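Derivation of every value follows stated rules applied to the coordinates shown; laboratory data play no part. What you are looking at is a predicted structure, and each value in this text was computed from that prediction instead of being measured. Here the Cβ is made from the backbone with ideal geometry for all residues, glycine too, and neighbour counts use every protein chain on show.
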Amino acid sequence: MAKKFGLGAGVDALMGKAGLSADDFVPNHNHEESHESHAEEKTNPAAEAQNVAQEQSQAQEAAQAVVKAVEAGNIPEEVARGERKLPAGINVDENGQLWVSVDLLKPNPHQPRKEFEEEALHELADSIREHGILQAITVEDAGDGSFYIIAGERRTRAAKIANLAEVPVQLRKYSDQKKLEIALIENIQREDLNPIEEAEAYYELMELSGLSQEQVAARVGKNRSTVANAVRLLKLPEDMRASLVQGHITAGHARALLSVKDPADMRILFAKIIGTGMNVREAEEMARALNEGAGNGVKPAKDSKESQKDPNLVALEQQFIEKLGTKVQIKGNMERGSVEIQFFTKDDLNRIYYLICGQE
């Protein structure tokens, strides 16, 4: 295992590129024990000289490790130039790799991903136990002794499951816009985001940076239409968004729902998709039929009788809609009237028939 050096409260400048001597670095050991041993060995000049030589050697190794960290790009340029200290809690091994306690890492506040599949995390944890973390986690100093995860939250969660004490990191400093952009790109490239998380990330990036859909698309390597279609999903009612996140409907179903002009008809189509498992093409056909039946979204003004419809009839209509999964209208009153049930295909008619009459 590579030897690790604690850098205490930080490094004012880095050796070599930043003009530091080896004396600026101290190996990570118990200083109190060191002082006690020095006191005991003052009467032994040879032992004292040996200790001094050993500490100087360790300090040189630590300095060389930090130089390697600079060359590997694991440390920000301003730290390498001596303009900023390396934060407390960072250790560097003899190969120049930075290490941080996993308990000091916390999620990026601009992380677009909200859902992490537990089974997949445990599979990754098993891989980490066997092979370790192959790609360092990108972090930023939070200023309170902890570090924000800019890229690699999934690896961090899996490392905790695997009971790792430390994880390899790269130290960076980014603007809020850049943090979101990096996290978004990482998740999109790995297809880790569900459709709503992706849509919210695009929207937040546009709001945060003032970028257009086309500019966002260019940043994340997508087509403008892909970003536009994703952001449209945020117009869905909350329960439909939840169904999309849970995988009960697809993004194709969602786009069909959004094409329906009347909110009541959208509800009918949603119930039909959930209740019958219709595919996207069928959902699109029903959406077109609903829009045509609604007069292309232009409804005549309700007369006074329609606007004063008995609330009991309205409630019954809704129960019929939920039960039959199609548009139902009750005309008349509680004493006398008619019930109009709409269907859109022959299969739809058969389904309604069996719901009412039962399977023969």
field: Stretchable slack from Cys357 to Glu94, in nm (0.36 nm times residue separation minus alpha-carbon distance)
entry: 86.8 nm
Lys178-Gln318 FRET efficiency (beta carbon distance; Förster radius 56 Å; 0.05 resolution): 0.70
statement: Sorted by chain and number, the residues with a modelled amide H under 5 Å from that of Gln170, at a separation of 5 or more or across chains, are Ile137, Thr138, Val139
query: For Val245 and Asn291, FRET efficiency with R0 = 22 Å and r from the beta-carbon atoms, rounded to 0.05?
result: 0.25
